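Working notes, beginning with the structure itself.
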Number of protein chains: 2
Amino acid sequence: MNQPIAFADSLRRPLPPALGTALRERFGERFSTAQAVREHHGRDESPFPTTPPEAVVFAQSTEDVVAVVDLCRAHAYPLIPYGAGSSLEGHLLAVHGGVSIDLSQMNRVLGIDAEDLTATVQAGVLRKQLNEELKSTGLFFPIDPGADASIGGMSATRASGTNAVRYGTMRENVLGLTVVTAEGKVVRTAGRAKKSAAGYDLTRLFVGSEGTLGVITEVTVRLYPLPEAISAAVCNFPSLAAAVNAVIQTIQLGVPIARSEFLCESTIAAINAYSNTTLREAPTLFFEFHGTESGVREQAELVQAIAREHGGQDFEWASRPEDRTRLWNARHSAYFACLQVRPGCRAISTDTCVPISRLADSITGARRILDTAKFPTMLLGHVGDGNFHAVLLVGPDDEREMAEAERLNDEIVRLALSMDGTCTGEHGIGLHKMGFLVEERGDDAIELMRRIKRALDPDNILNPGKIFTL
Amino acid sequence: MNQPIAFADSLRRPLPPALGTALRERFGERFSTAQAVREHHGRDESPFPTTPPEAVVFAQSTEDVVAVVDLCRAHAYPLIPYGAGSSLEGHLLAVHGGVSIDLSQMNRVLGIDAEDLTATVQAGVLRKQLNEELKSTGLFFPIDPGADASIGGMSATRASGTNAVRYGTMRENVLGLTVVTAEGKVVRTAGRAKKSAAGYDLTRLFVGSEGTLGVITEVTVRLYPLPEAISAAVCNFPSLAAAVNAVIQTIQLGVPIARSEFLCESTIAAINAYSNTTLREAPTLFFEFHGTESGVREQAELVQAIAREHGGQDFEWASRPEDRTRLWNARHSAYFACLQVRPGCRAISTDTCVPISRLADSITGARRILDTAKFPTMLLGHVGDGNFHAVLLVGPDDEREMAEAERLNDEIVRLALSMDGTCTGEHGIGLHKMGFLVEERGDDAIELMRRIKRALDPDNILNPGKIFTL
C-alpha cells in the first residue's frame, strides 16, 4: 500500500555554514536564505505542507548550476532543482533540507531551428513563452500540462497534456538534454538527429528522473508545423461510460485525433463558475482535429458518427480561433476551477493511465469509488491516452477527510494497476506515489532504479527522498 | 578516431568445465559446443571475422534464461543473447568467449490485444512472423529493418527501418519489456498503458543496450490499424541532391508520409540485377502514403508537386498490393543486392543520421568522399529521418581495401558528427562504432553509461566488450 510520507525533522539537515558562505560569495544577491524565499521554494501544487529548503540560489547559466553542484557535493549537501513550482506530487519539497536551485532566470530560447523542427531552450523557459516565441515560425510545441510549467520541469517529470494523444509526451518530444551531473560534469545526452542507436538512451533516462540523477539546464525539443486546419468541438453524453466508449472506439479506429478530453458534470460546473462559460453540465468531451481542410472534415465527421452511436449530442463547434482559445483555456484551468469549488481546500488528484480497452471500467470504477466520498470530487482527463484524473477536495486541516481521500485514491490506483495500468500517466512519483511505484513495478525493478541512482549520485545529493527510498 | 577492434586471443576465456557440465545437465541437447553451432553463433552481418562463443544454449522460456544467467554468474562467465544473427556491427561476436543464449525457439506471440493496439511476444519472434500472425486483426507492426530480425534483437539495437519517418523506431514502439537481469531477476519494465511517468524509464534504458544490461525475453509492442488506403510510387531525379531536397521539403511541410527511401543509381542497378526489376538507374525515391482515400490522394499530390519542383519525373505508381510488395521487397533486399555486386566481398555500411536540414550536405558530402574509392560503393537510406547508409564493398581478404574503406567510413561519420548528427541511426554501436560513440557523446557521457553498466552488471558478464570499454 502507498507509504505515508516522512516529513520527520530528523531527516532535515541544516545548511553547513561554510557552504552558505561559499554560495553567498559566489552568487551575492542571487543567494537567499530569507524565510519568504525559502517558503516559496518549498511548496508546489501538491497537498503537502510547505517544506522549505535551507537556501535558494537563482542560477543564470549552466556554469552557475555546476558551481552549486560542486559546492553542495563538497559538503555532501542536498540540492533540489526548481522550475515553475507547478509539480503536483511534492517533487520539490525539501524533506532533507538542501539548497533549491531556481532555474527561472534561465529563460532564454537558445535557438529555433525551424528547418529541423527543433528548438533548444534553457530549462526555465515556460511552455507558453516558447509557443509565444515560435509564433512567427509557423511551428508549435504541443506538450501542454495544465500549468504553465517550465520545459526543464516538464522534462524532469515526463509531463504531457491534452495533445499527447496525437503528439506524444515529453518522452517522445525531448530530443536531447544538457545535464549537470552530481559530479558537476556537463553532459549533452544527444545531438539533434531525429533518431539514434548510439549507446544507452541517456535522454530518456533523465526524462522523468525528477531531479534525482542530474540537473537539466537545457532542452532540445521537437516542434511541429501548425496544422493547415484546426477545428474543435464540444459534445455532451448521457453518461460517463457513453462518453468514454466514444473515445475508445475513436482510438481503436486509428483516427488521428489531436485532443479528446473528458470532463464530468461537476468539472463542467466548476469551469462554468471559474471561467465564466455556459457549458451544459453533463458528461462532456472536448475534441480537436488537426490536419488539412479535408482531413479535418473527414475526422470530424467520423468522430461525430461515433459519438452519435454512443448517444452523444450534436457537436457544438468552436470554429473561430478565439472560441478555441477560450475552450482550451477553460480546460487548462479546470484543476484550478475545481479548487475553487471548496475555497481553501487541499486537493489530491489521481493520475492513473490504463490500456485503452480498460478505460471505461477504470473510470466508471473510479466514479463508483468516489460516490462514497463526503467531499467534492471531479473526474477529468486525457482519455484518448487512457489517462484521467480524479480530483478530491478535502478540508484544509481535516485529517479525517484527508485519510479518507487517501484511501479512495488508493482504491482508484489499485484498480488501474489491476488492469496493467500505471499509478501516474504524467504527474510523476514525487513523494506521494512512492508506495504505488513499488506496487506497480515490483521490488526488483525498483532495485534497478536504486542502483542507477547510486551509480550516478553516490552521495545522494540530488533531490534526495523522491521516487523511491534508498 | 574510431578504435581498432581487439579480437585478441588473450581476451577470450575458455568455458569453465564445471559450468559446461552444469549447463549440459540442465539443458541436455539444447546445450551445444559443436564447432558448427558455435561458429553459426559467432558471426552476424558485419565484416568481422567469425568469433564463436564457447558454447550455445537454446532457451525456450524466461526461466531457461534465468538458469543460464545464474550459472554463468556463478562462474563470472560471459553470456551473449542471440536473436536472428542479423546485426551489422559485430554485436554478438564472442570477443571474450562466453555462452551464446539462442532465443530463436522463444518464438511465440503471447498475446495480441487488438483493442489496445498492442502485442506481447517472446524475444525470438521475427518481425515478418508477427505481421503474419496479425493478418486477421487488421493491425500491423511497422518497424522493418532490412533483415527479418527478431523483435528482441530489434529492441536491443533500437532498430528502425523504412516506416520510422511516420511510426517511429523501437524507441517509440516498445511499450514494455521482460528482462532477465545480471542477477537472474525477472523484471517487467512497464505495464501496457500508453504513457507513464512512474520512475526511471527502464524500458528505454534496455532498448538499445545491445544485451549489455540484461537479456530481453519478452517485448510488448505498439500496433497500428492498417490504413484504409495505401499508395506507393517511384520517382527518378536528375541528381542525388535534387532527390534529397524533395524529401527535406516534404518533411519540413509536415506531410505525414509513411515511407520515403532514397536509392542511388548504383543501388538501383544492384536491385535490378538481384530482384529482377526494371527500375530506371537514376537517383530514386520510393514513397508510400498511408491514410484515408482522400488523405492519401492529398499527400501524393502535394509530394508530386514538390518532386516536380526539384526536377523529379512523374510518379510511377505501384497501385496493386502485389506491386507494392514487390517494390518494398526490393528495397528490403537492397543490402543483399549490393553484396552481390562483388561476390564474396565484405561490406562496411555507414549509418549516419543528421538533422534534416543538413541531410543534403551530409549525403552529397558522403558521395564526394566515396568518389575516391577504388571499390564499389552505394548510397541508400531512410532519408525522411535524415538517416542513410553508404555501403562499401571490399575484397574478402584485401587488408588495404579494408583500411581504405574504414578511412572513408571515418570521414563520412565525422562529417555527420560535425552537423550535430549521430554515427548510428539504427544499427547500433556493437564493436565497430565504439570509437565514434566517444567522439559523438564525449567522455563524460560515456562515463555515465559505464557507471550504469557497472551498477547493473557488476561482474561484466552481459555481452562484455560492446558499446564502450570498461
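The values are calculated or read from the model by the stated rules, or taken from the named source; none is laboratory data. On a predicted model such as this, the values are computed, not experimentally measured, just so you know. Cβ sites come from the backbone with ideal geometry, for glycine too, and all protein chains shown count toward neighbours. Protein only, heavy atoms only, side chains kept; ligands, DNA and RNA dropped before computing areas. Shrake-Rupley method; radii C 1.70, N 1.55, O 1.52, S 1.80 Å.
Accessible area buried by the pairing of A and B, both sides summed with a 1.4 Å probe, works out to roughly 6600 Å². Taking one quarter of the surface of the C-alpha convex hull of chain B gives a mean projected area of 21.4 nm². Rounded to the nearest 5, the antiparallel percentage of DSSP beta bridges internal to region A:61-158 is 50%.
Once the dipole of chain A is set up with Lys and Arg at +1 and Asp and Glu at -1 on Cβ about the Cα centre, which of A:Asn107, A:Phe31, A:Ile268 lies farthest towards its positive end? Value computed over the given set: A:Phe31. Relative to the first principal axis of the alpha-carbon coordinates of chain B, what is the inclination of helix B:443-456, with its axis defined by its Cα atoms, in degrees from 0 to 90 and to the nearest 10? Relative to chain B, helix B:443-456 is tipped by roughly 50 degrees.
The peptide list B:445-452, B:375-382, put in order of mean Cβ contacts within 10 Å with the highest first, becomes B:375-382, B:445-452.
Within 10 Å of the Cβ of each residue in B:448-458, the mean number of Cβ atoms contributed by other protein chains is 5. Taking the average, over residues, of other Cβ atoms within 10 Å as the packing measure, peptides B:407-415, A:170-178 rank A:170-178, B:407-415 from highest down.
Any idea which of B:Leu202, B:Gly184, B:Val121 is furthest toward the positive side of the dipole for the protein assembly as shown, if Lys and Arg beta-carbons carry +1 and Asp and Glu beta-carbons -1? Sorting the options by dipole projection puts first B:Gly184. Simple point charges give the picture: +1 on the Cβ of Lys and Arg, -1 on the Cβ of Asp and Glu, and for region A:79-179 a dipole about the Cα centre of about 160 debye.
Rounded to the nearest 20, the Cβ-based charge dipole of chain B about its Cα centre (Lys and Arg +1, Asp and Glu -1) stands at 540 debye. Counting, for every residue in B:424-430, the Cβ atoms of other protein chains within 10 Å of its Cβ and taking the mean gives 4. Each other residue within a Cβ distance under 11 Å of A:Ser294 adds +1 if Lys or Arg and -1 if Asp or Glu, for a net charge of -4. Phi angles of region A:457-464 translate, via the Karplus equation with coefficients 6.51, -1.76, 1.60 and θ = phi - 60°, into HN-Hα couplings of 9, x, 8, 6, 9, 8, 6, x Hz per residue; Gly and Pro are given as x.
Beta bridges assigned by DSSP with both partners in chain B are antiparallel in approximately 80 percent of cases. For the residue pairs A:Lys453/B:Lys453; A:Lys433/A:Lys453; A:Lys453/B:Lys466; A:Lys195/A:Lys466; B:Lys433/B:Lys453; A:Lys433/B:Lys195, alpha carbon separations beyond 20 Å are given by A:Lys453/B:Lys466; A:Lys195/A:Lys466. Helix A:240-252 axis versus longest C-alpha principal axis of chain A: approximately 80°, rounded to the nearest ten. A helix-only calculation puts chain B at -10500 deg cm²/dmol for mean residue ellipticity at 222 nm, using -39500 (n - 2.57) for each DSSP H run of at least four residues, averaged over all residues. Per residue, the accessible area of region A:96-234 comes to 25 Å² when a 1.4 Å probe rolls over the protein heavy atoms. Taken residue by residue and averaged, Cβ atoms of other chains lying within 10 Å of the Cβ of B:417-423 number 5.
Plainly put, the tip 7 Å out from Cα toward Cβ on A:Glu132 is 5.8 nm from that tip on each other copy, the closest given first. Simple spin-label estimate for B:Arg320 and B:Asp443 gives 6.3 nm between the two label positions (7 Å along the Cα-to-Cβ direction from each Cα). As a rough guide to protection, the peptides B:25-32, A:123-130 ranked by mean Cβ packing within 10 Å, highest first, stand as A:123-130, B:25-32. Sorted shortest first, the separations between the B:Arg297 label point and its copies elsewhere in the assembly read 1.1 nm; each point sits 7 Å from Cα along the Cα-to-Cβ line.
A simple count of charges around A:Glu210, restricted to other residues whose Cβ falls under 10 Å of its Cβ and scoring Lys, Arg +1 and Asp, Glu -1, yields +1.
For A:Asp314, the point set 7 Å out from Cα toward Cβ sits 4.6 nm from its twins in the other copies, listed from shortest up.
Taking a Cβ cut-off of under 14 Å around A:Ile363, the surrounding Lys, Arg, Asp and Glu residues balance to a net charge of -4, with basic ones at +1 and acidic ones at -1.
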